[in-house]
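The values are calculated or read from the model by the stated rules, or taken from the named source; none is laboratory data. Keep in mind that this is a model prediction, so the values were computed, not measured. Cβ: placed from backbone, ideal geometry, glycine included. Neighbour counts: every protein chain shown.
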């Protein structure tokens with residue numbers, strides 16, 4: 001697995017680990033659906049990245065890997081932000097977007 005695919009997988013695993021806590025923080029069905037939808041996007045993109053050959057020297061890829069590292073850290077610390085569902089949804093959206101960009105390369 002390439003470093004980029006590993007980053008995509010790391011995001012998905014971190015997201016999956018925090019999914020129940022994030023869903024528990026939702027106050028509305030719309031928020032719940034947003035978290036679930038972003039989770040599905042992250043999961044599908046991570047699976048789509050498996051065995052994908054990517055140019056590890058690509059500056060865009062390198063920038064996305066740095067963003068991936070930051071979003072994994074944010075997901076792993078999401079329990080400190082569960083009282084602010086907007087931040088939780090934003091983190092979930094960022095995670096799915098980065099995974100999507102990685103797989104689109």
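Any residue at all in segment 51-58 that is in a helix (DSSP H, G or I) and either touching a strand residue (DSSP E or B) at 6+ places or on another chain (Cβ under 7 Å) or surrounded by fewer than 15 Cβ atoms within 10 Å (Cβ to Cβ) (or both)? First the steps, then the outcome.
Of the residues in segment 51-58, the ones in a helix (DSSP H, G or I) are none.
No, the conditions are met nowhere in segment 51-58.
Condition first: in contact with a helix residue (DSSP H, G or I) (Cβ under 8 Å, 6 or more places away or on another chain) and free of Cβ contacts under 8 Å to residues at least 24 places away in the same chain. Now tell me which residues in segment 75-90 satisfy that. Give the steps one after another, and end with the answer.
Looking only at segment 75-90, we keep the residues that are in contact with a helix residue (DSSP H, G or I) (Cβ under 8 Å, 6 or more places away or on another chain), and these are 75-76, 78-79, 81-83, 85, 88-89.
Across segment 75-90, the qualifying residue is only 81.
What are the pairs with Cβ atoms under 8 angstrom where one residue, in segment 1-16, is surrounded by fewer than 18 Cβ atoms within 10 Å (Cβ to Cβ) and the other, located anywhere, is at pLDDT 80 or above? Sequence gap at least six, or different chains.
So the pair list comes out as 1/9; 3/65; 16/39; 16/43.
Going by what's in this entry, would residue 102 be described as at pLDDT below 90 and not in a loop (DSSP other than H, G, I, E, B)?
yes
Filter segment 76-94 down to the residues that are under 16 Å from residue 46 (Cα atoms) and modelled with pLDDT under 90 and list them by number. Before the answer, list the steps.
Taking segment 76-94 as the starting set, the residues that turn out to be under 16 Å from residue 46 (Cα atoms) are 92-94.
Passing the criteria: none in range.
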